[in-house]
Every structure is written in structure tokens, then in C-alpha cells.
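There's a structure below that I have some questions on.
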Amino acid sequence: MAKRRHHLIPLFTTRATATLSVALVLFILGLAAFMGIAAHKVTQGIKENMGFVVLFNEDVTASDIDAVKTRLKKMTGVRETIYSSPDAVLDRWQKMVGDDEDIIKLADVNPFVGEIEVKVLPAYASTDSISLLTAPIMLMPQVSEVKVHTAMVD
């Protein structure tokens with residue numbers, strides 16, 4: 001009768017190695033999927049906060065501001081508009097630079113003007129789309145400047 005040969009590697013070790021290998025591959029695939037979903041959510045969050053800032057002239061009236069806000073809200077790609085008075089802009093600037101520099105003491109007046117922060121829909125969060133939205137706003141007589149953070153948009 002022929003002698004039976006014993007396997008050098010036991011059957012249990014082979015199964016354990018195969019199970020562990022499959023588990024590691026599935027773990028890596030799950031991790032990659034999670035990273036993809038997280039990156040997509042971060043990108044969407046950034047696109048939802050994309051926009052531009054409309055700065056007014058110094059002699060702008062409340063009715064002029066309302067007219068600009070109404071026109072902005074009627075535009076197709078605009079999601080939200082937030083108006084900040086000159087005093088609110090000054091307060092925000094003071095919080096950024098701290099109490100070391102008091103611009104009111106230097107200039108004796110508030111040098112800031114009112115502004116509207118405009119947030120666009122995620123589909124319009126590109127340089128071309130934002131420039132199409134800002135072109136008619138720049139032509140309005142109440143508006144002194146429109147600031148677009150093109151580096152961030154790109």
C-alpha cells in the first residue's frame with residue numbers, strides 16, 4: 001500500500017490566511033469608498049458657500065440697497081444674500097485685527113461701506129458662471145465694486 005503524504009501547511013492555516021486576506025481587501029475597499037464619499041461632501045460644502053461680495057457707494061440709501069437685494073434674489077444662480085451694514089463690517093474687521101488697531105481713532109469716521117454677501121447655487125460655483133452673475137451688478141450705479149475670490153473658486 002502507498003503511504004499517505006501529509007500536507008506541509010495545515011488546512012486551518014490556509015483557510016485563516018484566505019479569510020484574513022479577503023477581509024483586508026474588503027476593509028481597504030470600504031475605506032476607499034468612505035474617503036470618496038467624504039471628499040464629495042466636503043466639495044459640496046465648499047460649493048454651497050461659494051459666491052461674491054457686492055460693495056456699495058458711500059452715499060447709498062436704504063431703497064438702493066433693497067433694489068440691489070431684490071435684483072440679486074431674482075437672479076437664477078443666487079442661493080442666498082446677506083446684507084452687512086458699515087457698522088457690522090467695522091465690527092467684523094475689529095474682531096479680525098484685534099483691539100491693537102482702532103481705525104475710528106485714526107480716520108475719525110467709519111471707512112467701511114455696506115456690503116451684500118451673495119452665495120450661489122452649487123451648479124453656479126465656477127468662475128464663468130459667477131462672472132455672468134456679477135456683470136449686470138457691476139453696472140448698477142449704487143455698486144462701487146464686486147469682489148470675487150477667483151482663487152478660491154478655481
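How many of the residues making up region 26-61 are touching a helix residue (DSSP H, G or I) at 6+ places or on another chain (Cβ under 7 Å) and basic (Lys, Arg)?
Within region 26-61, residues that are touching a helix residue (DSSP H, G or I) at 6+ places or on another chain (Cβ under 7 Å) and basic (Lys, Arg) number 1.
Given (1) exposed (fewer than 11 other Cβ atoms within 10 Å of the Cβ); (2) modelled with pLDDT of 85 or more; (3) more than 17 Å from residue 137 (Cα to Cα); (4) not hydroxyl-bearing (Ser, Thr, Tyr), where does residue 74 come up short, assuming only one miss?
Result: residue 74 fails condition (3) only.
Would it be correct to say that residue 43 is of a type in the set (Val, Ile, Thr), at pLDDT 85 or above and not assigned by TED's automatic domain parsing to the domain that holds residue 130?
Against the criterion (of a type in the set (Val, Ile, Thr), at pLDDT 85 or above and not assigned by TED's automatic domain parsing to the domain that holds residue 130), residue 43 qualifies.
I'd like the residue in region 50-70 that is exposed (fewer than 14 other Cβ atoms within 10 Å of the Cβ) and charged (D, E, K, R) and, out of all such residues, is modelled with the highest pLDDT.
Among residues in region 50-70 that are exposed (fewer than 14 other Cβ atoms within 10 Å of the Cβ) and charged (D, E, K, R), the one modelled with the highest pLDDT is 66.
Could I ask something else about it? Would you check which residues across region 96-125 are among the small types (Gly, Ala, Ser), at pLDDT below 85 and surrounded by 15 or more Cβ atoms within 10 Å (Cβ to Cβ) and list them?
125
The values are calculated or read from the model by the stated rules, or taken from the named source; none is laboratory data. Only a predicted model underlies this, so the values are computations on that prediction, with no experimental measurement involved. With ideal geometry, Cβ positions are generated from the backbone for all residues, glycine too; neighbour counts draw on all protein chains shown.
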